[in-house]
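In what follows, a structure is listed as structure tokens, so that the remarks can point back to it.
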Amino acid sequence: MTFQPLDEPIRSVRNHWVNQIATHAAMRPDHVAFKFKGAETTWKQLHERSEKFAGALSRRGVGFGDRVVLLALNYTEYIEAVMGINALGAIAVPVNFRLTPPEVAYIVADSGAKAVVTDSVLQPLAVGVAGQIPELSTVVVINGQSGDGVLGYDDALAEPGEPHAPLDIPEDTPCLIMYTSGTTGSPKGAVLTHANMNAQALTCIRALEITPESIGFCTSPLFHIAGLGSLTPYFMLGGITVLHPLGAFDATEFLDAIEAEQATTAFCVPVQWQLICEEPTVKQRKLALRALCWGAAPASDTVLRAMADCFPDAFNVAVFGQTELSPITCVLEGKDALRKLGSVGLPIPTLQTRVVDDEMNDVAPGEIGEIVYRGPTLMQRYWNKPEATAEAFHGGWFHSGDLVRRDEEGFVYVVDRKKDMIISGGENIYCAEVENVLFAHPKIHEAAVVGRPHEKWGEVPVAVVALAAGIDELTLDELEPFLNESLARYKHPKHLVVVPELPRNASGKVVKVALRDRYSA
């Protein structure tokens, strides 16, 4: 299929974030699109700079369907680069900068990237990986200087030359390849299209009641689908997004920023909300928050109650999903937050869902099964992995790997990841259920449960916990009476490991693979 440049009126009918930015640039050019570390970027500036970056890439041979890796911290330039890549019909490949060099090299090689966009901090890693892959011929550095085989980002935008010819980019064109976090194995690249991201935008607009006057606050890394996904409603409606710098999360700095910017919506992972609610001044702040949003990892009942107590004027919205679904699949709206504590909500209206057993039979309400999906947010495929794609889509539905139960009203409760379930003496033990009880113990700050092989029972649960501030010791004997109140005896951890903190990836998820490797033997 050949993609030809088209006249502007014809091209403009396409509904994707490249054209959405162009529309805002034309209709509200001086309105602020993004704020980052005190600097403002208008819609006109965002459009012009992304188009200039597209031209620089085009002159270096990047075209329709090519892949460009992004290995950088959060910057407004990161967003400009994604839009410039997509303006060529090329595919942006955000990469977790906390990965090791071999892990980054795997993703770069697997995606077949022609270029990489990095920053001055991560330049040595990007250049080192590029040196191993001859096909990766261009390295662009945000806040960097041209020379030694790299191109400074500002130099790329300042280059003379004709702008790239506008292309007709259909909505089913891939715009992102988002590599899964790899918590249960090697990363797989989920191919997401412009249509997927439009559907994600509508989900966010509805769930978070976003309007053109809303001010979003983005703390998530842009290499994660929660980061880019949270921007989609603002691209569509023209609201403001405040981009928070990455680094060690500081609850006081977070509260300072959302108070100064009067942000109306904020997304954080549960461990971050826990720290925010523990911040001494949280209840004295003059905030404009209307929607608190969490996801990417389970939240305990304790954290959810603390959020309701600390932010009584905001509704608490739980979003649940996964990278392959762009990512939101279920939403717990504010009006249901208190009466449905522990639920991730109802499936979004645009998705078809089922909860099935291993033979693809629907299970009854209250029974546990795997949730499977069809719908417009569902990825196109896994990049370069036809067998994994076929396995994920067997039976004509996408298999999430999430074990859930539904109540009589259809609300979904996550029980566990299918691969995290422990079978002990023929009984199923769902790690998330045990973790939720452990979280409520006053001496425990965070907890994770993994299985350990056992000669008699097959597997037994092991609790890995980090203690609350000021607590130096906790024993399994001390835990037993507390666990007896909420858990059947067979679900009790048979071993307790105390650690300074749980290992988490950049998405805030506990890395169960690391815990299994260390504590399951």
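Read-outs throughout are calculated quantities, based only on the coordinates presented, and are distinct from any laboratory measurement. Keep in mind it's a predicted model, so treat the numbers as computed, not measured. No Cβ is skipped: glycine too gets one built from the backbone with ideal geometry, and neighbour counts run over all protein chains shown.
Straight-line cross-link partners of K512 among the aspartates and glutamates, defined as a Cα under 14 Å from its Cα and at least 8 positions apart when in the same chain: D416, D420, E435, E446, E501.
Sequentially through the stretch 475-485, phi angles give Karplus couplings (6.51, -1.76, 1.60; θ = phi - 60°) of 10, 5, 4, 5, 6, 3, x, 5, 5, 4, 6 Hz, Gly and Pro residues having no value and appearing as x. Annotation note: trypsin sites (Lys or Arg not before Pro) in the stretch 472-521 located in DSSP loop regions with a Cβ neighbour count of at most 15 within 10 Å are K494.
Working note: 222 nm ellipticity from helices only, DSSP H runs with n ≥ 4, each -39,500 (n - 2.57), summed and divided by the residues of the chain, gives -9000 deg cm²/dmol to the nearest 500. Each of the peptides 234-243, 51-60, 356-365 was scored by the mean count of other Cβ atoms within 10 Å over its residues; in descending order, highest first, they stand as 234-243, 51-60, 356-365. The share of C-alpha pairs in the stretch 318-416 whose separation exceeds 23 Å stands at 23 percent.
Each principal axis of the stretch 164-288 carries a Cα extent, and these read 51, 39, 29 Å when sorted largest first. Using only side-chain charges placed at the Cβ, +1 for Lys and Arg and -1 for Asp and Glu, the dipole size of the chain relative to its Cα centre rounds to 360 debye. Each Lys and Arg contributes +1 and each Asp and Glu -1, all at the Cβ; summed about the Cα centre of the stretch 42-169, the dipole is approximately 120 debye. Assuming charge only on the beta carbon of Lys and Arg (+1) and of Asp and Glu (-1), the dipole of the stretch 422-519 about its Cα centre is about 380 debye to the nearest 20. Simple rule: put +1 on each Lys or Arg Cβ and -1 on each Asp or Glu Cβ in the chain, find the dipole, and look at C218, G396, L246; the Cα lying farthest toward the positive end is G396. Take the Kirkwood radius over Cα pairs of the chain, plug it into Stokes-Einstein at 37 °C and 0.692 mPa s, and you get 136 µm²/s for translational diffusion. To the nearest whole percent, what portion of all C-alpha pairs in the stretch 42-169 is separated by more than 22 angstrom? Above the 22 Å cut-off, the stretch 42-169 has 27 percent of its Cα pairs. A cut-off under 15 angstrom between Cβ atoms defines the neighbours of S486, and their net charge, with Lys, Arg +1 and Asp, Glu -1, is -3. Which value results when the Cα radius of gyration for the stretch 190-418 is divided by 2.2 N^0.38 Å? Dividing the Cα Rg of the stretch 190-418 by 2.2 N^0.38 Å gives 1.02. Here E80, E103, E159, E408 are placed in order of increasing Cβ neighbour count within 10 Å, fewest first, which gives E408, E159, E103, E80.
Close amide-amide hydrogen proximity is noted between R504 and V511, each under 5 Å apart and 5 or more residues distant or on a separate chain (H modeled in the peptide plane; Pro and chain starts excluded). DSSP bridge analysis restricted to the chain gives an antiparallel fraction near 55%, rounded to the nearest 5.
When you restrict to C-alpha pairs under 8 Å that are six or more residues apart and normalise by the size of the chain, the relative contact order lands at 11 percent. Based on Cα contacts under 8 Å between residues 6+ apart, the stretch 42-169 shows a relative contact order of 27 percent. By the count of neighbouring beta-carbon atoms within 10 Å, fewest first, S300, S12 end up ordered S12, S300. Among T281, T389, the order by Cβ neighbours within 10 angstrom, fewest to most, reads T281, T389. Here the contact order of the stretch 1-112, divided by its residue count and restricted to Cα pairs under 8 Å and six or more residues apart, works out to 21 percent.
Remark: the stretch 117-134, residue by residue, has Karplus-estimated 3J(HN,Hα) of 9, 10, 9, 5, 6, 9, 3, x, 5, 5, 5, x, 5, 4, x, 8, 10, x Hz, where x stands for each Gly or Pro and the curve is 6.51 cos²θ - 1.76 cosθ + 1.60 at θ = phi - 60°. In the stretch 422-519, a dipole from Cβ-located charges (positive for Lys and Arg, negative for Asp and Glu) runs towards its positive end, and of N484, G470, V449 it is V449 whose Cα lies farthest in that direction.
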